[in-house]
Amino acid sequence: MPNICTALLTGALLLLQGCTHLAPETYTPKLGQMGKDVMWLPTRDELVTQLLTAARVGPADELVDLGAGDGKIPIAAARQFGARAWGIEYNKDLAALAQRNAERAGVADRVRIVHGDIFKEDFSKATVVTLYLLEELNAQLRPTILAMRPGTRVLSNTFSMGDWEPDQVIRAGTGMGFFWTVPAVVQGQWAVQGLGTAETAVLRLAQKHQRVGGSLTLGGQVQTLLGASVDGADLHFSFVDAQGLLKSVKAQVMGAGFQGEVSGPYGMVDLPHDTVKVSGRRLGD
Ligand SMILES: C[S@@+](CC[C@H](N)C(=O)[O-])C[C@H]1O[C@@H](n2cnc3c(N)ncnc32)[C@H](O)[C@@H]1O
């Protein structure tokens, strides 16, 4: 009988040891271990701080890290910048470790790690997206990211977004990252009121990501826009008015319309600096 008991006890102990060894609590990821689509390598602390600083991450933000690894980016976003943050991590053990790291860092109330696939989870509500993936994975995610709310900030460690030029290149030590802002879609024709003529002006815009060009038909005359840009939902263009003066429009794009102000000229002290409301309505492509 004692032999059976000893054998059972030994078996139970071995099982327990085995369980302890496999328990997520002791899980230690290995640098370079393969994930579903890309291996695990953590972004260096210095670059994390530089990236989140460049994007002006703050308490109003919801940051998502696509492929969260040990959770260091969502944790930094919450701890250093006061943001709410979540991460999507395909490796179950890494996801559990990341959540534990958030608890240890005292930010579990603002950091959530989801065990899931970045190509399946819905992150469309995030205001900041961070990536440390690969060029081809960024290319696959780009249409989803470009369809996010204008003004969403996007940060990538090392890897670019093809021909979507970054707004900023960020260097930290030997590391490098990129910063983009999702632009509003402004391509097409717009009817514009408030540019100083009784009749409606027609704005024609061509667009590739945040790069914008086009023309304005004002008082029957077509002119090429003198500088146009879109920064998130902010549309900016300059034109010459019926009196030959350079004017500047700053407007906020909201779906099929924009609202803003036309101002200028600047730096001409003897001319009044009047600001006039301007509005636009989308006519089509
Ligand atoms: C290079 S690491 C970056 C980790 C972290 N974002 C950082 O910058 O420190 C990429 C991470 O993505 C995870 N991953 C790979 N494919 C994934 C997928 N399809 N869905 C979610 N996570 C994935 C890997 O397991 C790995 O932890």
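What net charge is computed for the residues neighbouring LEU41, neighbours being all others with C-beta under 12 Å from the C-beta of LEU41, Lys and Arg scored +1, Asp and Glu -1? Counting the neighbours of LEU41, the net charge comes to +2. Only protein heavy atoms count here; on that basis, with a 1.4 Å probe, GLU165 has an accessible area of about 80 Å².
Of all lysines in the structure, the ones whose alpha carbon falls short of 23 Å from that of LYS277, not counting any fewer than 8 places away in one chain, are LYS247, LYS250. Along the chain, counting only trypsin sites (Lys or Arg not before Pro) with a DSSP assignment other than H, G, I, E or B and at most 12 other Cβ atoms inside a 10 Å radius, the longest segment between sites is 126-285.
For region 27-181, a/c is less than 1.5, where a ≥ b ≥ c are the root eigenvalues of the C-alpha gyration tensor. That puts it in the rounded class.
In the chain, helices alone account for a calculated mean residue ellipticity at 222 nm of -7500 deg cm²/dmol, with every DSSP H run of four or more residues adding -39,500 (n - 2.57). Rounded to the nearest Hz, the phi-derived 3J(HN,Hα) couplings of region 102-116 under the Karplus curve 6.51 cos²θ - 1.76 cosθ + 1.60 (θ = phi - 60°) are 5, 5, 4, 7, x, 10, 4, 6, 10, 10, 10, 10, 9, 7, x, where x marks glycine and proline. Could you run the Karplus curve 6.51 cos²θ - 1.76 cosθ + 1.60 with θ = phi - 60° over region 57-67 and give me ³J(HN,Hα) per residue in whole Hz, x for Gly and Pro? My calculation for region 57-67 gives 5, x, x, 7, 8, 10, 9, 10, 9, 8, x Hz in order. Here r is the Cβ-Cβ distance between GLN221 and ARG281 and R0 is 22 Å; the resulting FRET efficiency, rounded to 0.05, is 0.55.
Split the accessible area of the chain by element, probe 1.4 Å, and carbon with sulfur accounts for 57%. Taking all C-alpha pairs of the chain, those more than 32 Å from each other amount to 43 percent. With labels modelled as points extended 7 Å from the Cα through the Cβ direction, what inter-label distance (nm, one decimal) is found for ARG79 paired with ASP93? For the pair ARG79/ASP93, the computed spacing is 2.3 nm.
When the pairs LYS92/LYS125; LYS125/LYS208; LYS120/LYS208; LYS30/LYS120; LYS92/LYS120; LYS30/LYS72 are compared against a 19 Å limit on Cα-Cα distance, LYS92/LYS125; LYS125/LYS208; LYS120/LYS208; LYS30/LYS120 fall above it.
Whole-Hz Karplus values for region 237-246 come out as 8, 10, 8, 9, 7, 4, 8, x, 9, 6 Hz, taken residue by residue from phi with 6.51 cos²θ - 1.76 cosθ + 1.60 and θ = phi - 60°; glycine and proline positions read x. Largest to smallest in accessible area, the residues TYR132, TYR90 fall in the order TYR90, TYR132 (1.4 Å probe, all protein chains included).
The values are calculated or read from the model by the stated rules, or taken from the named source; none is laboratory data. Remember, it's a predicted structure, so these values are computed and weren't measured experimentally. Cβ atoms come from the backbone with ideal geometry, glycine included; neighbour counts cover every protein chain shown. The protein model used for the area step is the full one, side chains on, heavy atoms only, and it has no ligands, DNA or RNA in it. Shrake-Rupley method; radii C 1.70, N 1.55, O 1.52, S 1.80 Å.
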